[in-house]
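To start, the structure under review is shown below, and the notes come after it.
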Amino acid sequence: MSGESGRTPHDELAIDPEMVAAMCRSFITSHVASTGAERVVLGLSGGIDSALVAYLTAAAIGADRLVVVLMPTASSSPSSKADAEAIVSDLGCQSELISIEAPLAALLANLPAGESVTPVRRGNMAARLRMTTLYDRSALHRGVVVGTGNKSEMLIGYSTIFGDAASAFNPIGDLYKTQVRELSRHLGVPTQIIEKAPSADLWPGQTDEGEGGFDYPTLDRVLYRIVDRRLPLEDVIAEGFDREFVLRVSEMIRRSEFKRQMPPIAKVGGRSSGSDYLYPRRRPKLD
């Protein structure tokens, strides 16, 4: 499989794309059926992650049951909209264009006078407005919101709580970015989407790797060793990875743990949700 910047990832991250695609499709079909939803609602950015989920969902339940929503702001790249529209054209699914620039501007305008807002804060506001929009559209379409975050982003905390981290279910959350790229090639996602630099469109020219100070192939190899293989950090470093980078990745994983779990609840009663009152997600009906 091809990696970021044309490099070839190591075999340790290689997948059987047809098998993984089948697993993801089955996962989608099963979870949609369990909710009783008529449609799946997806935020389509024009990036590779949401594109892959769109292709998987259309194949799993049919393009006629997929509603994609394009939600640009003033900082969104015109190419992102064009790439999203190419996906809609290819799949033949229903699409909606809802700009969130006006509500975003309203939020910013109502902050205390003179308060400076960083691009990251603005990006988090936009991410939460997008998810608010998606859940509203899901109510209109009697649908369910599907997630598009990959494993690399989730592990280092490159996501927004109640923003892009929110969803009813996520079919690609256990795929590293390099694996997302391989599966996308296998499923025929447009080449220009696969090969462009991943970006959250937080500001003109912004890229994930530039902002984070990493490249995905190296990041994925380090994450794989720390998370999947459970190697001690010194063993990872001994394999030739930069010490400072390994320690930084480990710290990002540690500091973002709260993003990957439900909020803890102070235990007062006999059975508390999330600790000793636990049931499967698909809880059976009582007779």
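Worth pointing out:
- Fluctuation leader among Gln261, Gln179, Gln192 - the chain, Gaussian network, Cα springs under 10 angstrom: Gln261
- Cβ-derived FRET efficiency at R0 41 Å, Ser116 paired with Ser275, nearest 0.05: 0.50
- Region 102-115 - phi-based ³J(HN,Hα) in whole Hz, Karplus 6.51/-1.76/1.60, Gly and Pro as x: 5, x, 5, 5, 5, 4, 5, 5, 9, 6, x, 4, x, 6
- A simple rule links phi to the HN-Hα coupling: the Karplus curve 6.51 cos²θ - 1.76 cosθ + 1.60 with θ = phi - 60°, which for region 143-150 gives x, 9, 8, 9, x, 10, x, 8 Hz, with x for Gly and Pro.
- Of Pro217, Pro17, Pro112, the one that fluctuates the most in a GNM where the chain has Cα springs shorter than 10 Å: Pro112
- Cβ charges +1 (Lys, Arg) and -1 (Asp, Glu), total dipole of region 4-260, debye: 660
- Per residue of the chain, the DSSP helices (runs of n ≥ 4 H) give a summed -39500 (n - 2.57) that works out to -14000 deg cm²/dmol at 222 nm.
- Straightening the chain between Arg185 and Val268 buys 24.8 nm, computed as 0.36 nm per residue apart minus the Cα-Cα spacing.
- Cross-link pairs beyond the 24 Å C-alpha cut-off, checked among Lys196/Lys259; Lys151/Lys259; Lys81/Lys259: Lys196/Lys259; Lys81/Lys259
- For the options Asn170, Asn110, Asn150, a Gaussian network treatment of the chain with springs between C-alpha atoms closer than 10 Å singles out Asn110 as fluctuating the most.
- Here Lys81, Lys177, Lys267 are placed in order of increasing Cβ neighbour count within 10 Å, fewest first, which gives Lys267, Lys81, Lys177.
None of the figures in this text is laboratory data; all of them are computed from the coordinates on show. All values reported here derive from a predicted model rather than from experimental measurement. Please note: Cβ atoms are built from the backbone with ideal geometry, for glycine as well, and neighbour counts cover all protein chains shown.
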